[in-house]
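Below is one structure, written out as structure tokens; comments come after it.
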Amino acid sequence: MVFGRFRRHTERPGGLEELRDQVQRARAAADRAAAAARAAEDEAETERGGDGASAPPEAPTGRRSARYRVVIAAAAVACLGAGALAVQTTLDHQSARRSVAADARVLAFTEEAVARLLSTDTDNAEAYVEQVLADSTGDWRSEFEQRKTATIETMRQAGNRTAGRTLEAGIEGRENDTTTVLVSATAQTSPATTDPAVAPQPQVQQYQIRVGVTMVDDQPKLSSVGFVQ
């Protein structure tokens, strides 16, 4: 699989412009219906006043009355439709914003968690293990828990320090509460030495990692970690 570039890529909310257009069209229809209703009412008033009678105007009768009611009903339906579309557009927009915010939160956590996972320090092996466990859940946490003693011993024997850094991260997919994220990262290792004057050059290794991020009590955690070949 080609990893590609995934810098904080999230899905863009779709369909909002189309919904806004629908709302505008519905509102325009409501305005036209309301104008027709006013015109019908003015026509009825004119016809009632044309006979010179001074009696108070009465409601339109016969065909004029039926037409009047139809126009008023059409205006009401159009206005209600416009209102419903406006509410739905607002709800959809809020939902899309929440989705984008959630994705950004997952990516931010992933970048930090992967950088911590790749950063080791021979003098702080226990703290490293505890931080990785704090960032983890599910099978990945259980697996790391089982080998934490071996990890601490290996770090102490290596005697070096590694600085992890995330270059790019992007969402690959979602399933239930778990988001799959692809990550490109580097780890710069400074070998142990007793003579700083002849210290070897740091070694930089690049990794492509696929992680699963699962929400636990509204907190993102790493639930799986694997290297991409």
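Taken together, the values in this text are just the output of simple stated rules run on the coordinates, not laboratory data. In this text, all values refer to a predicted model and were calculated from it rather than measured experimentally. No Cβ is skipped: glycine too gets one built from the backbone with ideal geometry, and neighbour counts run over all protein chains shown.
Taking the Cα centre as origin and putting +1 on Lys and Arg beta-carbons and -1 on Asp and Glu beta-carbons, what dipole magnitude results for the range 118-227, to the nearest 20 debye? Could you put the intermediate results ahead of the total?
Values: 9 positive and 16 negative charges, 64 e Å.
Once rounded to the nearest 20, the dipole reads 300 debye.
Can you work out the FRET efficiency for the pair residue 218 and residue 127, with r the C-beta to C-beta distance and R0 = 25 Å, to the nearest 0.05?
Working: r = 25 Å, r/R0 = 1.02.
Once the sixth-power term is evaluated, E becomes 0.45.
Over the range 118-227, what is the percentage of antiparallel beta bridges among all DSSP beta bridges, to the nearest 5?
The answer is about 95 percent antiparallel.
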